[in-house]
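**Q** Got a structure for you, questions after.
Laboratory data are not the source of any read-out in this text; all were calculated from the coordinates shown. The structure displayed is predicted, hence computed values, not measured ones. Positions of Cβ are generated from backbone atoms using ideal geometry, with glycine treated the same way; all protein chains shown enter the neighbour counts.
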Amino acid sequence: MKNNNEHKSGFVSIVGRPNVGKSTLLNKIVGQKIAIMSDKAQTTRNKIQGIYTTPESQIVFIDTPGIHKPKHRLGDFMVSSAFSAFREVDVILFMVNVAEKRGPGDNFIMERLKTAKSPVFLVLNKIDKIHPDQLLPIIEDYRSLVDFAQVIPISASDGNNVDTLLAELQNYLPEGPQFYPDDQVTDHPEYFIVSELIREKVLELTREEVPHSVAVVVESMQRNELGKVQVHAAIIVERSSQKGIIIGKGGKMLKDIGIRARRDIEVLLGDKIYLDLWVKVQKDWRDRQSSLQDYGYRK
Ligand code: GDP
Ligand code: MG
Ligand code: K
C-alpha cells in the first residue's frame, strides 16, 4: 500500500532505432501481445501503443510524432481531435541495444532528444547479452551526449529490471485520473476516425430524424484471411424508434450508411475493408459517453 498519495497518470513514449526491443518491452509491460494494424493504417500522430494500469497509476504508452518519420496521411483528421492533448508526453524512453555499437540511428534520435521538453530516460536493453563490466563505458558514452533524467539497464525479453523502470516512471508522472478502464491495454486513433465517418453518414442520411447524440463505437478492426480489414461497429441510439429509422425498410437505410461509410474508410485507410454494422439501443449511453470523452476514451 502506498501512503496517501494521489493517483498518478501520464503519457510515455518509447523511441529507439529498429530492433532495439521496443515492442518486446511494451508486450512485457502490458502482459500480452498487442494486435497491431497494418503499417498502412498507422498515423503520423499520437498512437496509443499500450496501457499499463495499477491501483496507484496509469501509464499510457504512445508513439511520438516527429521522432519517427511520418508514415501516413491521416494527420489532418487528428488535429482538432482529442488526440492533440496527447502531444506532450511526461517521459520519453530512449531505448538502445547494449550489444550493438551506437549508430547513426541512435545519433539521429539523440539530436532530437536534446530539444525535447520532457525528461528522457536512457533504457539500456539486452543486458543479458553482455558482461556486466561492459555496461559502465556504454552508459558513459551515451551520457556524454544527452542529459538523461534516469539511466536504466534492462532485459525486455527476460523482464529483468522492468519493474524498476515502471517504478521510476511512476515517480515522474503527475497526479491525474485513470484515463482508460482497467482491462484496456491498447487503442488506435483509427477506431475513432472510423467511428466518426460512420456517424457522419448516419446523420447525413437520416437527416433530423435521428439526433446528434447518436454514437458509433468501433468494436474491432482486424485483418482477415482475405487481406481485408474487417471492421465491426455498433451504432448506438437511445430509443428503439431511432433504431427503426436507422435500419430502414428491409434494412435499406443501414445498407446505404454502410456503402457510403465503407467508401470513405477505404480512401482514408488506403485499404480494402469489410464493414459490419449493427444498431443497438442503450439508454444511458449519452451520460457515460460524455464523461469518458474528456479523456479520449474510444472503445
Ligand atoms: P523493436 O523493433 O524495437 O520493436 O524491437 P523488437 O521488440 O521487435 O525486438 C527485436 C529483437 O530483439 C527480437 O528478436 C527480440 O526478441 C529481441 N530482444 C528484445 N529484447 C531483448 C532482450 O532484452 N534480450 C535479448 N537477448 N533479445 C531481445
Ligand atoms: Mg517493434
Ligand atoms: K515499433
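**Q** Subtract the Cα-Cα distance of residue 249 and residue 107 from 0.36 nm times their separation in residues, and report this length gain in nm to one decimal.
**A** 44.9 nm
**Q** Write down Rg/Rh for segment 189-293, rounded to two decimals, with Rg from the C-alpha atoms and Rh from the Kirkwood relation over Cα pairs.
**A** Radius of gyration relative to Kirkwood radius: 0.96.
**Q** Which whole-Hz couplings ³J(HN,Hα) result when phi for each residue of segment 207-213 is put into the Karplus expression 6.51 cos²θ - 1.76 cosθ + 1.60, θ = phi - 60°, listed in order with x for Gly and Pro?
**A** 6, 7, 5, 10, x, 5, 6
**Q** If the viscosity is 0.890 mPa s and the temperature 25 °C, what translational diffusion coefficient in µm²/s does Stokes-Einstein give for segment 95-244 when Rh comes from Kirkwood over Cα pairs?
**A** Taking Rh from Cα pairs, D becomes 122 µm²/s.
**Q** Can you tell me the order of 16-28, 207-219 when each peptide is scored by its average per-residue count of other Cβ atoms within 10 angstrom, highest first?
**A** 16-28, 207-219
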